[in-house]
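One structure is given here, and the rest of the page talks about it.
The values are calculated or read from the model by the stated rules, or taken from the named source; none is laboratory data. Being a predicted model, the structure only gives us computed values, none of them experimental. Neighbour counts are summed over all protein chains in view; Cβ atoms, including those assigned to glycine, are modelled from backbone coordinates with ideal geometry. Only protein heavy atoms, including side chains, enter the accessible area calculation; ligands, DNA and RNA are left aside. Shrake-Rupley method; radii C 1.70, N 1.55, O 1.52, S 1.80 Å.
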Amino acid sequence: MTVLVLLSAAAVVVAAVEPASTPAPVADGDTSNVLLGKSVVSSLLIATGFSEACVAEALDTCAPASVQRPTPPTPLVQEARELLQEVRQVVSHYDNRPRHCKDLLDGGDSGKGLRHVYPFPGQPQRRAAVYCDQSTDGGGWTVFQRRTNLTVREEFNRSFVEYQLGFGHLEGEFWLGLDLLHELTSAALQELRIDMADWDDVRRYAKYGFFYVGPPSTDYRLSVASWGGPWWHVACGTSNLNGFQHEGTHAGNTGINWDAWRGSSYSLRQTAMMTRPAF
């Protein structure tokens, strides 16, 4: 019975809006038939008991783009858009922060000395102090080890934990620390440069590509007690730039030595180890 009543009401409404004759073809951009269709649908829905306001809102929402009128955003939507824009600007700012000395050089900082960088992924506000060399071999180097002939020398015969965390003074003698060195070398493929000078001020350097330091672990405990200064040697001492600061020739292999240049019984005056992205 209910179905028959609804169909009867629909027939009456359709008859009321049925055009007397076949309509002419619709010109481009003509929305009269769309509006007529909306009128038929709205009349049918209202006749079956739907709220007139609800029907009007629903039809406006579903109307074709050609007949829709833009609705201004609510204050809440507008506020959300502005907040999202601010978040994008903050993220962009942090993404552009220098991760290492090469980023600083590319940004126009050609100075030399103490700088701050942001090498920690996922921690955009955490910074680290490093020493940058922007003049040697094109610049962009982050120095992580340095020995000099200062009056007050730094003790390099330290524990593994101290080598992990770093020690010394960035404007003097220092070891940057394996934890930080891992973060710095994880940013991109690296190259390593080692600068050395003897006590006659003769200078040499060595350069290596694709340098990387993995997460610190007990694998780094490769020093031999008789030589002192943790280093990457196990059963030989062809080099030991963290050795004791003898002045020149000495007995034994305990000095700051580079065997291929001055031999294992000569302690160098200066060394610097530094890294930068290879590409």
Q.
Can you pull out every residue in segment 147-186 that is more than 13 Å from A129 (Cβ to Cβ), open to solvent by 40 Å² or more (accessible area, probe 1.4 Å) and part of a loop (DSSP other than H, G, I, E, B)?
A. N149, L150, T151, V152, R153, E155, N157, R158, S159
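Just checking, does segment 84-96 include any residue being among the acidic types (D, E) and over 30 Å from H246 (Cβ atoms)? Give the steps one after another, and end with the answer.
Let us first name the residues in segment 84-96 that are among the acidic types (D, E), namely 86, 95.
Restricting the remaining residues to those that are over 30 Å from H246 (Cβ atoms) gives 86, 95.
Yes, the conditions are met somewhere in segment 84-96.
Tally up the residues in segment 202-218 that are over 16 Å from K102 (Cβ atoms), modelled with pLDDT under 95 and either of a type in the set (A, V, I, L, M, F, W, C) or not in a helix (DSSP H, G or I) (or both), please. Explain how you work it out, then say what you get.
Taking segment 202-218 first, the residues over 16 Å from K102 (Cβ atoms) are 202-206, 208, 213-218.
With modelled with pLDDT under 95 added as a condition, the list becomes 208, 213-218.
Among the residues that remain, those that are also either of a type in the set (A, V, I, L, M, F, W, C) or not in a helix (DSSP H, G or I) (or both) are: 208, 213-217.
Total meeting the criteria: 6.
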(Q) Looking only at segment 68-95, count every residue that is outside any helix (DSSP H, G or I) and either touching a Ser or Thr at 6+ places or on another chain (Cβ under 7 Å) or at pLDDT 80 or above (or both) and tell me the total. (A) 1
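Okay, residues lined up against (1) at pLDDT 95 or above; (2) among the aliphatic types (A, V, I, L, M):
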position: A129; (1), (2): yes, yes
position: R146; (1), (2): yes, no
position: N157; (1), (2): no, no
position: Q164; (1), (2): no, no
position: E171; (1), (2): no, no
position: L176; (1), (2): yes, yes
position: Q190; (1), (2): no, no
position: I194; (1), (2): yes, yes
position: W199; (1), (2): yes, no
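Just checking, does segment 108-128 include any residue being of a type in the set (S, T, N, Q), in a loop (DSSP other than H, G, I, E, B), more than 17 Å from the chain's Cα centre (by Cα) and surrounded by fewer than 16 Cβ atoms within 10 Å (Cβ to Cβ)? Steps first, answer last, please.
Keep residues of segment 108-128 that are of a type in the set (S, T, N, Q), which gives 110, 123, 125.
So of that shortlist, the ones also in a loop (DSSP other than H, G, I, E, B) come out as 110, 123, 125.
Imposing the further condition that a residue be more than 17 Å from the chain's Cα centre (by Cα) reduces the set to 110.
So of that shortlist, the ones also surrounded by fewer than 16 Cβ atoms within 10 Å (Cβ to Cβ) come out as 110.
Yes: segment 108-128 contains one or more residues that are of a type in the set (S, T, N, Q), in a loop (DSSP other than H, G, I, E, B), more than 17 Å from the chain's Cα centre (by Cα) and surrounded by fewer than 16 Cβ atoms within 10 Å (Cβ to Cβ).
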(Q) Go through segment 129-144 and report how many residues are in contact (Cβ under 8 Å) with a residue 12 or more places away in the chain, part of a helix (DSSP H, G or I) and open to solvent by 40 Å² or more (accessible area, probe 1.4 Å). (A) 1
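Taking into account only those residues within segment 187-201 that are under 18 Å from C101 (Cβ atoms) and of a type in the set (A, V, I, L, M, F, W, C), which is surrounded by the fewest Cβ atoms within 10 Å (Cβ to Cβ)? Spell out how you get there, then give the answer.
If we filter segment 187-201 for residues that are under 18 Å from C101 (Cβ atoms), which is where we start, we get 187-195.
So of that shortlist, the ones also of a type in the set (A, V, I, L, M, F, W, C) come out as 187-189, 192, 194.
Numbers: A187: 15, A188: 14, L189: 12, L192: 20, I194: 17.
Among them, the one singled out is L189.
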Q: Report yes if G252 is more than 26 Å from L165 (Cβ to Cβ), in a loop (DSSP other than H, G, I, E, B) and modelled with pLDDT under 95, otherwise no.
A: yes
